[in-house]
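Here is the structure we will look at.
The values are calculated or read from the model by the stated rules, or taken from the named source; none is laboratory data. Owing to the predicted nature of the structure, the values given are computational and were not obtained by experimental measurement. Here the Cβ positions follow ideal geometry from the backbone for every residue, glycine too, while neighbour counts run over all protein chains shown. The accessibility values were calculated without ligands, DNA or RNA, using every heavy atom of the protein model including side chains. Shrake-Rupley method; radii C 1.70, N 1.55, O 1.52, S 1.80 Å.
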Amino acid sequence: MQQKLNAEDIRKVCDPAIFDNLPRQEETASKIIIGQQRAVKALKLGLSMKAHGFNIYVSGAPGTGKQTAVTNYIEQQAMSEPAPCDWCYVNNFKDTYRPDKLSMPAGHASQFKKEMKGLVLDMYNALVKAFESDDYATKKEKIINSFEELQAGILGKVGEEAEKESFTIKQTQTSFITIPLKNNKPVTEEELRAMPESELDEINRKQSKLQEDIGAALREIRKAEKLTNEQLDKLAREIAAYAIGSLIEELAEKYKAEPGVTKYLVSLREDIMDNLPEFMKSQKMNAQGNAENPFVKRYEVNVLVDNSETQGAPVVPERNPTYINLVGRVEKESYMGALVTDFTMIRKGALHSANGGYLILRADDLLRNYFAWDSLKRALKNKEIVIEDATEQMGYLTSRSLKPEAVPLNVKVFLTGSPYIYQMLYEYDPDFRELFKIKADFDSQMERTDENARDYGTFLQALCSREQLPRAGNTAMAKIIEYSSRLADDQAKLSTSFDKISDVIREAAFYAAEDGAAEIEGAHVMKAIEEKLYRSNLLQEKLNEMITSHQIYIDTDEEKTGQINGLSVLDIGDMSFGIPARITCSVSLGRSGVIAIEREAEMSGPIHTKGVLILSGYLSSKFMQDKPVSLSARLVFEQSYSGVEGDSASSTELYAILSALANLPIRQGIAVTGSVNQKGEVQPIGGVNEKIEGYFAICKRIGLNGKQGVMVPGANVRNMMLKEEIAGAVRDGHFNIWAVDSIDEGIEILTGVKAGSIWEEGTVYYMVDSMLKIYAERMRVFGGGEEGSAPEME
């Protein structure tokens with residue numbers, strides 16, 4: 001229905017009074033997510049479902065605050081849940097390349113580490129004391145004396161036997177040698193050479209026999225020595241076991257509810273028993289301040305996850321989800337020119353920190369990092385966290401490194417990202433469907449109700465309080481609501497782009513401070529919005545200047561046939577603005593139908609081409625039922641030197657064709673936007689606010705005369721949140737905005753002539769049909785010849 005809009009139609013004003021008596025921030029803590037009921041329901045379901053695979057993909061456009069909102073929402077839920085257990089790694093004494101994991105109640109791991117450090121020191125002191133005791137010294141001396149007596153007896157027997165055979169035995173550093181005697185004196189070399197051969201043979205025979213006896217004696221001594229060492233070792237173990245046994249048992253009793261700790265303490269005791277000398281040496285060096293001996297770290301505890309200060313379940317938003325930041329890593333350090341590592345260099349990842357709670361990741365960041373997505377899926381599917389070098393994921397050979405025992409995983413993952421990423425993952429990754437069964441969809445808009453507006457106000461007050469900005473007054477909040485509807489392009493909606501809203505209120509706070517105001521007022525908000533636009537609209541100003549200086553031809557006065565002003569939107573990234581474009585049409589006799597010069601020059605896109613073909617459909621259905629096509633109508637965007645795309649000018653082009661065929665002039669002060677279908681219905685388009693404001697800016701520069709205005713589709717009225725300046729110009733009659741639902745309504749406004757029908761004389765459609773009949777008759781006369789000039793209307 002054709003209507004001329006008033007100021008109230010084109011801008012829905014917010015009443016500042018609705019913000020009176022806003023509840024305090026603590027009273028609205030439950031409303032962490034504003035206007036996202038669909039998403040909240042999905043989040044509640046995802047948080048409640050404990051079955052495998054019910055992780056959550058949080059979908060929404062960037063800037064809707066979903067990351068912050070979801071984090072705050074989860075933190076509130078997590079506070080009511082218990083803190084998860086601590087995790088730590090300890091040495092595997094049987095295979096040091098495979099450290100063992102230990103779990104214990106929250107806060108116990110760091111305490112256990114301190115207790116282990118104290119235990120090692122206590123054991124060292126106890127051992128020192130035990131090995132310095134008189135009892136140990138007496139028993140040790142007894143064992144040694146027994147061995148020495150046995151050794152002396154064995155060697156004494158050999159010495160007696162040698163003496164009987166006139167030999168003496170001399171011990172060197174490496175062996176025992178036998179020396180023959182003569183008159184109880186060692187035989188010299190000269191005496192040996194002077195002896196007869198028979199006597200020498202006898203000496204050699206006796207010497208060989210003595211060497212055999214000495215060998216047998218030495219074997220018996222070594223056997224006795226081994227037995228003595230075993231006795232000494234047994235004594236040392238008994239003394240050590242007595243000295244440290246009670247200390248270990250005391251700690252084991254404290255952690256008897258933790259089987260892993262008990263098992264570790266048993267293996268620790270055995271390892272110390274097996275390495276007593278090295279243990280005593282390393283601890284002595286450590287006590288002296290020399291910790292270079294790697295044996296010192298053997299009994300340390302590496303606390304991987306410490307939840308001693310965690311309130312409720314952990315909520316971990318990982319900002320940089322690389323592979324190692326997710327699953328952890330094993331660090332290495334340079335020692336003597338080589339890279340070395342041990343279990344104390346194992347470091348946690350985000351999965352460890354969030355284990356037993358919630359992990360929040362950005363999908364785009366996750367997918368940009370090599371191995372990160374695959375490692376996350378593997379951890380979720382296997383329900384365990386495996387720390388391994390990234391190169392092993394590729395199957396490359398690497399140097400031998402640690403293989404820490406896998407940690408069981410129980411985590412709920414929230415993946416935030418765009419709807420596009422969700423669709424791609426859902427389509428091409430079957431694992432994604434199995435692991436992320438819940439989708440929480442954040443809308444870019446919400447209903448503009450008083451309740452939601454008050455929630456908006458609470459959000460603004462919380463922002464000002466958190467960032468120590470001046471308080472936002474009622475008028476400021478009302479202007480923010482209006483600006484939010486403008487961002488949503490809908491009078492009945494509010495935008496959820498809280499990042500843009502927050503930036504406006506921050507800038508408004510700056511202007512409030514400049515004015516020395518106690519609170520942010522509506523004028524400060526409006527100034528922030530206008531200044532933001534001013535910083536980005538240089539190109540728009542240059543184009544407007546070119547129009548007003550007639551470098552770009554745009555008429556805003558008079559009437560012309562086959563010429564009309566269309567409206568388009570130019571998007572330059574940080575802003576969008578409307579710009580008028582002259583569209584002209586020339587008609588002639590022919591069979592080509594509607595020709596778009598941009599299409600012929602390959603300067604138009606498929607949507608624009610579709611719009612032009614729809615024009616042919618409309619003309620054929622309305623005027624060509626009783627006659628053949630005998631028309632060539634050429635359409636062009638004048639002074640257009642780049643591509644043309646979109647169908648928002650299709651109704652504008654149709655008006656130009658009808659004007660040219662009916663030979664009726666069009667009011668040049670009216671710019672038109674809107675697409676059309678084959679039934680002649682004007683359909684809604686995008687960017688209606690930018691288009692109207694862009695044309696208003698041109699008319700204002702040229703001079704408002706009360707005849708200028710814009711004609712838009714009726715369905716776009718709800719999308720209007722125009723500037724207050726334009727609302728004022730409409731109210732004062734200086735500028736006009738019409739809403740139409742059909743081509744019939746639009747052509748009447750543009751020409752001032754009734755649309756009528758092809759049978760009603762004096763109407764637009766009668767004139768169009770008459771011209772097409774003339775074309776058809778001329779074509780019949782010409783016998784379908786070549787295209788020519790259009791005949792004059794008779």
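Only one of the numbered conditions (1) within 22 Å of E745 (Cβ to Cβ); (2) open to solvent by 10 Å² or more (accessible area, probe 1.4 Å); (3) in a helix (DSSP H, G or I) is violated by S648, and that is (3).
When the test is whether a residue is in contact with a strand residue (DSSP E or B) (Cβ under 9 Å, 6 or more places away or on another chain), open to solvent by less than 60 Å² (accessible area, probe 1.4 Å) and not in a loop (DSSP other than H, G, I, E, B), V629 does not pass it. The residues of the stretch 726-755 that are within 13 Å of Q3 (Cα to Cα) and of a type in the set (G, A, S), listed by number, are A739, S742, G746.
This table checks each residue for (1) in a strand (DSSP E or B); (2) within 24 Å of E559 (Cα to Cα); (3) among the β-branched types (V, I, T).
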position: E690; (1), (2), (3): no, no, no
position: R701; (1), (2), (3): no, yes, no
position: A715; (1), (2), (3): no, no, no
position: A729; (1), (2), (3): no, yes, no
position: G733; (1), (2), (3): no, yes, no
position: A739; (1), (2), (3): yes, yes, no
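Looking for whichever is acidic (D, E), modelled with pLDDT of 90 or more and under 25 Å from I143 (Cα atoms) here; the options are E238, E278, E270, E250. Which one fits?
None of the others qualify; the one that does is E270.
Evaluate the stretch 243-260: report whether one residue or more is open to solvent by 50 Å² or more (accessible area, probe 1.4 Å), hydrophobic (A, V, I, L, M, F, W, C), within 25 Å of T96 (Cα to Cα) and touching a residue at least 40 places away in the same chain (Cβ under 8 Å). Taking every residue of the stretch 243-260 in turn, none turns out to be open to solvent by 50 Å² or more (accessible area, probe 1.4 Å), hydrophobic (A, V, I, L, M, F, W, C), within 25 Å of T96 (Cα to Cα) and touching a residue at least 40 places away in the same chain (Cβ under 8 Å). Picking from residues in the stretch 441-478 that are of a type outside the set (S, T, Y) and in contact with a Pro (Cβ under 9 Å, 6 or more places away or on another chain), the one that is surrounded by the most Cβ atoms within 10 Å (Cβ to Cβ) is A476.
Suppose we keep only residues that are modelled with pLDDT of 75 or more and open to solvent by 40 Å² or more (accessible area, probe 1.4 Å) within the stretch 287-302. Which one would you say is nearest to T96 (Cα to Cα)? Steps first, please.
First, the residues of the stretch 287-302 that are modelled with pLDDT of 75 or more: 295-302.
Next, only the ones that are open to solvent by 40 Å² or more (accessible area, probe 1.4 Å) stay: 297-298, 300.
Details: K297: 12, R298: 9, E300: 13 Å.
If we take residues in the stretch 287-302 being modelled with pLDDT of 75 or more and open to solvent by 40 Å² or more (accessible area, probe 1.4 Å), then R298 is nearest to T96 (Cα to Cα).
How many residues does the stretch 678-696 hold that are open to solvent by less than 30 Å² (accessible area, probe 1.4 Å) and either modelled with pLDDT under 95 or not polar (S, T, N, Q) (or both)?
11
For the stretch 311-343, a residue qualifies if it is open to solvent by less than 80 Å² (accessible area, probe 1.4 Å) and of a type in the set (F, W, Y), and the qualifying residues are Y323, F343. Residues in the stretch 67-109 that are in contact with a Ser or Thr (Cβ under 6 Å, 6 or more places away or on another chain) and assigned to a helix (DSSP H, G or I): 1 in all. Taking residues in the stretch 613-628 that are touching a residue at least 40 places away in the same chain (Cβ under 8 Å), and partners anywhere that are exposed (fewer than 14 other Cβ atoms within 10 Å of the Cβ) and outside any helix (DSSP H, G or I), the pairs with Cβ atoms closer than 9 Å and at least 6 places apart or on different chains are Y618/K679; S621/K679; P628/G784.
Condition (residue is in a strand (DSSP E or B), in contact (Cβ under 8 Å) with a residue 40 or more places away in the chain and closer than 11 Å to F19 by Cβ) applied to the stretch 469-476: is it met by at least one residue? Steps first, answer last, please.
Taking the stretch 469-476 and keeping what is in a strand (DSSP E or B), we get 471-472.
Of the ones still in play, those that are also in contact (Cβ under 8 Å) with a residue 40 or more places away in the chain are 471-472.
Filter once more, keeping what is closer than 11 Å to F19 by Cβ: 472.
Looking through the stretch 469-476, at least one residue is in a strand (DSSP E or B), in contact (Cβ under 8 Å) with a residue 40 or more places away in the chain and closer than 11 Å to F19 by Cβ.
Applying the criterion of at least 2 residues that are basic (K, R) to the strands (runs of 3 or more DSSP E) found wholly in the stretch 244-353 leaves an empty list. Among the residues of the stretch 619-634, those that are farther than 23 Å from D741 by Cα and under 54 Å from the mean Cα position of the chain (by Cα) comprise A633, R634.
The condition of being assigned to a helix (DSSP H, G or I) and of a type in the set (K, R) holds for only one of K117, K170, that being K117. Among the residues examined, L235 does not qualify as closer than 24 Å to D100 by Cβ and either open to solvent by less than 80 Å² (accessible area, probe 1.4 Å) or in a loop (DSSP other than H, G, I, E, B) (or both). Any chance the stretch 576-593 includes a residue that's open to solvent by 30 Å² or more (accessible area, probe 1.4 Å) and without any contact (Cβ under 8 Å) to a residue 40 or more places away in the chain? No, the stretch 576-593 has no match at all.
Only a single criterion out of (1) of a type in the set (A, V, I, L, M, F, W, C); (2) modelled with pLDDT of 90 or more; (3) outside any helix (DSSP H, G or I) is not satisfied by L22, namely (2).
Just need a number here: residues in the stretch 173-202 that are of a type in the set (G, A, S) and either surrounded by 12 or more Cβ atoms within 10 Å (Cβ to Cβ) or not in a helix (DSSP H, G or I) (or both).
Counting residues in the stretch 173-202 that are of a type in the set (G, A, S) and either surrounded by 12 or more Cβ atoms within 10 Å (Cβ to Cβ) or not in a helix (DSSP H, G or I) (or both) gives 1.
Results for (1) without any contact (Cβ under 8 Å) to a residue 24 or more places away in the chain; (2) among the hydrophobic types (A, V, I, L, M, F, W, C), shown as yes or no for each residue.
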| position | (1), (2) |
| --- | --- |
| Y323 | no, no |
| E331 | yes, no |
| L351 | no, yes |
| A354 | no, yes |
| L359 | no, yes |
| L380 | no, yes |
| E384 | no, no |
| V411 | no, yes |
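Can you tell me which residue within the stretch 550-575, out of those that are under 15 Å from L539 (Cβ atoms) and surrounded by 19 or more Cβ atoms within 10 Å (Cβ to Cβ), is nearest to the chain's Cα centre (by Cα)? The qualifying residue nearest to the chain's Cα centre (by Cα) is V569.
Rundown of residues vs (1) at pLDDT below 90; (2) touching a Lys or Arg at 6+ places or on another chain (Cβ under 9 Å), yes/no style:
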| site | (1), (2) |
| --- | --- |
| L567 | no, yes |
| S586 | no, yes |
| G593 | yes, no |
| A596 | yes, yes |
| I614 | no, no |
| N663 | no, no |
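Taken as a whole, the structure leaves P196 outside the set of residues that are more than 30 Å from V303 (Cβ to Cβ) and in contact with a strand residue (DSSP E or B) (Cβ under 7 Å, 6 or more places away or on another chain). Considering only the stretch 56-76, state which residues are open to solvent by 10 Å² or more (accessible area, probe 1.4 Å) and either farther than 16 Å from R319 by Cβ or over 13 Å from the mean Cα position of the chain (by Cα) (or both). Hits for the stretch 56-76 are A61, G63, G65, A69, N72, Y73, E75, Q76.
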